[in-house]
Each structure stands twice: as C-alpha cells, then as structure tokens.
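Asks: Below you will find the structure I want to go over with you.
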Amino acid sequence: MGLSRDAAILIVDNLSSSAGMVRKILSDLGYTNLIETVGGQEAFNKIKSKKIDLIVSDWKISDMSGMELLEEVKQDEELKEIPFLMVLPKTQDEEIIMAVQAGVNSYILKPVTAQRLEEKIKRMYAS
C-alpha cells in the first residue's frame, strides 16, 4: 500500500539546512504535507496535537535528543504506532543499536539521498 503522498510527515532537525534538505527530498518524491520543527519538545507537542503519519527525526535536535523523542513517542500509548525514521550520522553503530532497542521503525545514515529515503519509506510501509 505505501505511504500516501498527502500523509502528514513531521521533520525534526535542529539545523534548518538539514531539515530543508529532507523537506526538499520528500517534496521532490511527491509528498505534500510536510511539517518542520526544530526542537524535540516542539515536535512532541505537534505529534500530540496533530495526526502525524510519519516522523523523520535527526539524532541531534535541540532541547532533547532524537533518541529521547523516540522514547517519548514509543512510550505513549496513543503515539507508539506512528512510524519513526531516525537520521543518524555515518558509522554510529552504538546509536543505531540504541535506536533499534528503543523501537525505531527504520533509520537512514547521512548523507540522506532521495533514493535511500524513498527505499526506507517503502520498506516501512510494505506490509
């Protein structure tokens, strides 16, 4: 079935340039409902107040880490089913293991490319 092109995708990154890059890639892939936040608390508030279909979060975000945001989402009964894609720095095996143990649905290593991001999203929704 896949993720619909009008699905609400929350992009969380402390660097607007990185968030802008992910936003452009998703837009180029045809996704139209893209929401950006900078901090983890702002992101969590958005997730609680809006219907979000996919969270794409960087590992490093302001006021809490991407890992802390992941844990908050996965521990919340109302939110835990929202697919969560973590963007990680290259070759950070320890972070990958931590994210997987915390329930991340998938992860992508930097630099993010359109092809790899599209593949990850397709795999996450291929059931």
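Asks: Summing +1 for each Lys or Arg and -1 for each Asp or Glu, what net charge is found among the other residues whose Cβ lies under 15 Å from the Cβ of GLU77?
Replies: Result for the local shell: -2.
Asks: Please list, by residue number, every one of the trypsin sites (Lys or Arg not before Pro) in the stretch 78-127 that is coil in DSSP and has at most 10 other beta-carbon atoms within 10 Å.
Replies: LYS90
Asks: What does the charge count around GLN41 come to, taking other residues whose C-beta lies under 12 Å from its C-beta (Lys +1, Arg +1, Asp -1, Glu -1)?
Replies: -2
Asks: Here's something else I'd like to know. Using a 1.4 Å probe on the protein heavy atoms, what percent of the accessible area of the chain belongs to carbon and sulfur?
Replies: Its accessible area is 49 percent carbon and sulfur atoms.
Asks: While we're here: Scan the chain and report its longest stretch carrying no GluC sites (Glu not before Pro) that are both in a DSSP loop and have at most 16 other Cβ atoms within 10 Å.
Replies: Between the exposed loop sites, the longest stretch runs 1-76.
Asks: Taking the Cβ of ILE9 as the center, what net charge do the other residues with Cβ under 12 Å away carry, scoring Lys and Arg +1 and Asp and Glu -1?
Replies: That sum, taken over residues with Cβ under 12 Å, equals +2.
Asks: Right, another one. Given an 8 Å cut-off on Cα distances and at least 6 residues of separation, report the relative contact order of the chain as a percent.
Replies: Relative contact order here is 26 percent.
Asks: Over all distinct alpha-carbon pairs, what is the Kirkwood Rh of the stretch 54-127 in angstrom?
Replies: Mean inverse Cα-Cα distance, inverted, gives 12.5 Å.
Asks: Sticking with this one: Specify the residue with the greatest mean-square fluctuation among GLY66, GLY30, GLY103, computed from a Gaussian network of the chain linking alpha-carbon atoms under 10 Å apart.
Replies: Evaluated over the chain, the most mobile residue of the options is GLY30.
Asks: Could you name the lysines whose alpha carbon sits less than 24 Å from that of LYS51, not counting residues in the same chain fewer than 8 places away?
Replies: Once the sequence-local lysines are set aside, what remains near LYS51 is LYS24, LYS60, LYS74, LYS80, LYS120, LYS122.
Asks: Here is a follow-up. Spelling out what I want: for every residue of the stretch 105-121, take phi, set θ = phi - 60°, compute 6.51 cos²θ - 1.76 cosθ + 1.60 (Karplus), and round to whole Hz; glycine and proline get x.
Replies: The phi angles translate into 7, 6, 9, 9, 8, 6, x, 7, 10, 4, 4, 5, 5, 4, 4, 4, 5 Hz.
Asks: Follow-up. Just report the Cα centroid separation between the stretch 1-52 and the stretch 112-127, whole Å.
Replies: So the separation of the two Cα centres works out to 15 Å.
Asks: Please calculate how many Å² of accessible area the chain carries per residue, with a 1.4 Å probe and no DNA, RNA or ligand atoms counted.
Replies: Value for the chain: 53 Å² per residue.
The values are calculated or read from the model by the stated rules, or taken from the named source; none is laboratory data. Keep in mind the model is a prediction, meaning the values are calculated, not measured. Cβ: placed from backbone, ideal geometry, glycine included. Neighbour counts: every protein chain shown. In case anyone asks, the SASA skips ligands and DNA or RNA and just uses the protein heavy atoms, side chains included. Shrake-Rupley method; radii C 1.70, N 1.55, O 1.52, S 1.80 Å.
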